[in-house]
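Novice: Can you keep this structure in mind? I'll have questions shortly.
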Amino acid sequence: MYKRQFAIILILALIIGCSGSKNLKQEIDEVKQDTQGTDSVLVILDVKLKEFSQEVKAMRETYNENHISLENLYKLNAESKHTLEQLSTELEEKLTTERDRNDSLSALLAKNNEEQIAGLQAEQNGIRESLTGLTSSIQTTQFQVDSIYATMDPAKMEVLEENLLNIQSQFSILDSSFSEYQLSVADHMMNSDEQFGTLERHAKVQDSANYDILSQLVLLENKIISLTNSFNELMAMPNTSPNIVTSTYSPVEAQSVVHKPATAKMDYETYKQHYIDALSSYQNGDFMGAIDDFEMLIRNDSQNDYADNAQYWVGECYYALDEYSRAIEAFRKVLNYADSNKADAAQFKIGYSYINSGDKVRGYNELERLLDLFPESSYREKVKQILASR
């Protein structure tokens, strides 16, 4: 700014010098006054210029910020639009997938409904066949009881007949339960058009009832098999034994000897009579008494022809008392006898004992072991059925 004033004064001085004006001082004063006024104006303009520059700078910054915000807004709007389109597409796909899944589920539930009804009908037919087989077994047992009537004491025969009547009574109760089960199944089939949830709950109830009935059938079948085996043993016993000295024997002596410690080895006929009395105790439900009698026979002569049978019936007594661990221990001892005719039956009952005690895996393994050890056993077909239904 001062350089500009000096230049102006110099120019004025030159002009004045050239013109030779007499009013040089006056003109210089006027120029100074004008210069001062100009300086003031310039100062004011310079201040305003700085203020304007600051305002312009602030506006530029605001513009830049607004421009960036606007660009971000445009980008956000574009991204939101793209995201909305993606969500719309995904929602449409999910709705389509869900619709297809619902259709598949409906078809599957309908198919399961038909399969469950068919399964219930098959189970009903199977139970009916089991009941028919049990009826045949009871009739066979009745025939066997009649066959050995002549060889049995009348008092003991009355007890056996009472036991058979009890079994028949249990069978009647079971048959009544089966009739109720048939009515329940029929009602279930009539209402098969109801909601699938209701059908599934009914199916679970039917499965539970079916399992209870099958469990009762298995228990009753085991009792019948055990009683039948004991009757068969009595029928198959020879009346005499070659090269064995027989002794006179009476029922009164039998009762007195059973409860006395064995001090001398019994002869064949005495041993046999004690064995028959022990079997009678088992058939009459006196399982603890039968255990004492059978164990007494084993202690007296463990090499007798009936010793392995006695050991087997010890296991059957514990099995009837639901003492499965002791039953398994007793049945395993039967397997220690060489050429025992009860070995396969003992192995079969070992498997059943484990199953009834809750260890089904071990029970099935023991039943499979029977198939390996006893290829000619009469229990093979039954074991195969059990293993196939697990």
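The values are calculated or read from the model by the stated rules, or taken from the named source; none is laboratory data. What you see is a predicted model, and the numbers here were worked out from it, not measured in a lab. Please note: Cβ atoms are built from the backbone with ideal geometry, for glycine as well, and neighbour counts cover all protein chains shown.
Novice: Restricting to segment 292-325, name every residue that is of a type in the set (A, V, I, L, M) and surrounded by fewer than 23 Cβ atoms within 10 Å (Cβ to Cβ).
Specialist: Within segment 292-325, 296, 298, 307, 320, 321 qualify.
Novice: For residues in segment 287-340 being touching a residue at least 60 places away in the same chain (Cβ under 8 Å) and of a type in the set (A, V, I, L, M, F, W, C), which is nearest to residue 274 (Cα to Cα)?
Specialist: 313
Each row is one residue, and each column tells you yes or no for (1) of a type in the set (A, V, I, L, M); (2) under 36 Å from the mean Cα position of the chain (by Cα); (3) closer than 30 Å to residue 269 by Cα.
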| position | (1), (2), (3) |
| --- | --- |
| 296 | yes, no, yes |
| 303 | no, no, yes |
| 314 | yes, yes, yes |
| 326 | no, yes, yes |
| 340 | no, no, yes |
| 366 | no, yes, no |
| 378 | no, yes, yes |
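Novice: If you don't mind, another one. Run down 378, 389, 340 and say which single residue is out of contact with any helix residue (DSSP H, G or I) (no Cβ under 9 Å at 6 or more places or on another chain) and either outside the structural domain of residue 304 (by TED's automatic domain parsing) or among the small types (Gly, Ala, Ser) (or both).
Specialist: None of the other options fit; the residue is 389.
Novice: Where in segment 276-390 are the helices (runs of 4 or more DSSP H), entirely inside, with at least 1 residues that are polar (S, T, N, Q) and modelled with pLDDT of 95 or more?
Specialist: Result: 287-300, 307-320, 324-334, 343-356, 360-373.
Novice: Can residue 360 be described as more than 27 Å from the chain's Cα centre (by Cα), free of Cβ contacts under 8 Å to residues at least 40 places away in the same chain and within 23 Å of residue 380 (Cα to Cα)?
Specialist: no
Novice: Say whether the condition of being farther than 25 Å from residue 166 by Cα, charged (D, E, K, R) and in contact with an Asp or Glu (Cβ under 7 Å, 6 or more places away or on another chain) is met by at least one residue in segment 309-330.
Specialist: No, the conditions are met nowhere in segment 309-330.
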